[in-house]
Amino acid sequence: MSTTSLLASPPQLTRYSARQWVLHCPSGHDLLLNQATVDLLYLLDGAPTLAAARQQFNSRFEATLSQPEFEGLLGRQLGGYQVLALDEEPARAAITGPLHHRLELIPTRVAGWLASPLTKLYHPAVFWPVLTGLSLALLTLVQVEPVPNTVPTTAGAVALFYFSVPVHELGHIAACRRAGARHGGIGVGVYYFFPLLYADITGIWQAAPHARLVANLGGIFSQLLYAGGLAGAGLLLHQADVLLVAEAVAISAAWQLNPFLQHDGYWVLSDLSHTPNLLSRARDLRRTLLSRAGLRRAWARPLAERLRDRRAWVLLYGLLNTSLLLTLLAYALYHSRQVLPQLPALGHTIVSKLFQGTLTLADLPGQALTVLAVYGWLLRKAAGRVLRARRRPVTRAS
């Protein structure tokens, strides 16, 4: 063990809220810590030996832990994250987040280079006035020039609209760079059964609360900048199609503010409520509070006390999010109901042509792919539940 520190490296801590801190671990994990665990970290950083650290810990927290108990505490709290200089705990599993099957399209260095020209716009003195002004101007445009029922389908208009998607992700990267936080690249992944583009800004956990909020809104901000540029060009050139695309991009950006299905609004709500991993927290509360014992305890409390409990609102949010997801699933299946009887034969044809090397895009009807994606997601969720049940730990009496 090191004679200067029991930690592998000096702790990289950033304040998350008044009572919480984020520790960036050498393993790549970001841990949310309370003040007591932060005090333990600094105690370990300055203690010469484990025995001395135990003595200081017992004195600081008025505890009576033996040496094995103290080492067990360190293993449970910090083991597996490569935080301790001599870490004997197995490595913690990597957290993949809500996206699965990721494929990076733009590497970190290229994404940073592309986003660099935007970084000055994310200074708070510029960001908030410009965001407010753009929102009001585009809202006025939509009121003056309402979106018609017919949508232009020219290749140019479609390209202009979909170019706003990478612009959105570059906005997140630019805000992350402005905050001095590390970032990754831009790629495509699968969220439930929806393919979508993503920007890796997990390093924003290490930024200050205000910088996290700006980064969460960074994609919407860059989309609105793009929409504003299109609107200006459309007005100057008298191009109705360009104006329509500008309105569509602005509406798409506004949709990202919704707090469900982990859109940008979800991360904004998570930060404003100081509830990291909001959906995971809601799922944990659902399992706890909706059990028979949990319901009995909840209903035994006065109504006013239940309404003041933040956990109740987190639980309500989780239930609303699940309801919305199930509604989207039902709609996808209903919309594709005509292809349901054809799925067995269609699946056989696709597999056969795939092995023969004759599979083409014409063999992949969109509705069938939607149904297959939904069924694939449901099967994966069911398999995950079975595996979790088999891995459930055994509770031992002490």
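The values are calculated or read from the model by the stated rules, or taken from the named source; none is laboratory data. The shown structure was predicted, so the numbers you read here are calculated from the model rather than taken from an experiment. As a convention, Cβ positions derive from the backbone with ideal geometry for all residues, glycine included, and neighbour counts pool all protein chains shown. For accessibility, only protein heavy atoms count, side chains too; no ligands or nucleic acids. Shrake-Rupley method; radii C 1.70, N 1.55, O 1.52, S 1.80 Å.
Worth a mention:
- Accessible area ranking (1.4 Å probe, heavy atoms, ligands and nucleic acids excluded), largest first, for Val130, Val214: Val130, Val214.
- Residues listed by number, the range 251-277, amide nitrogen under 18 Å from Leu325 label point at 7 Å toward C-beta: 258-270, 276-277
- Arg102 accessible area, assembled protein chains, probe 1.4 Å, Å²: 110 Å²
- The Rg/Rh ratio for the range 1-93 is 0.94, where Rg is the radius of gyration of the alpha carbons and Rh is the Kirkwood radius.
- Computed from backbone phi with θ = phi - 60° and the Karplus coefficients 6.51, -1.76 and 1.60, the 3J(HN,Hα) list for the range 317-327 is 4, x, 5, 5, 5, 5, 4, 5, 4, 5, 5 Hz; x is used for glycine and proline.
- Remark on Leu33: its backbone amide H falls under 5 Å from those of Trp21, Val22, Leu23, a criterion applied only to residues 5 or more positions apart or on other chains, H modelled at 1.01 Å from N.
- Looking at the range 1-75, the GluC sites (Glu not before Pro) that sit in a DSSP loop and have at most 14 other Cβ atoms within 10 Å of their own Cβ are Glu62.
- The trypsin sites (Lys or Arg not before Pro) of the range 1-63 that DSSP puts in a loop, and whose beta carbon has at most 13 other beta carbons within 10 Å, are Arg19.
- Amide hydrogen neighbours beyond the local backbone of Glu89, cut-off 5 Å, H modeled: Gly80
- Note on the range 123-269: the C-alpha convex hull projects to 9.4 nm² when averaged across all orientations.
- The string of couplings for the range 101-117 from the Karplus curve (6.51, -1.76, 1.60, θ = phi - 60°) is 6, 6, 9, 6, 9, 10, x, 4, 5, 5, 4, x, 5, 5, 7, 3, x Hz, one whole number per residue in order, with x for Gly and Pro.
- Whole-Hz couplings from phi, Karplus 6.51/-1.76/1.60, listed for the range 252-262; x for Gly and Pro: 4, 5, 5, 4, 5, 6, 5, x, 10, 6, 6
- Amide H contacts under 5 Å for Leu84, placed H, 5+ residues apart: Ala8
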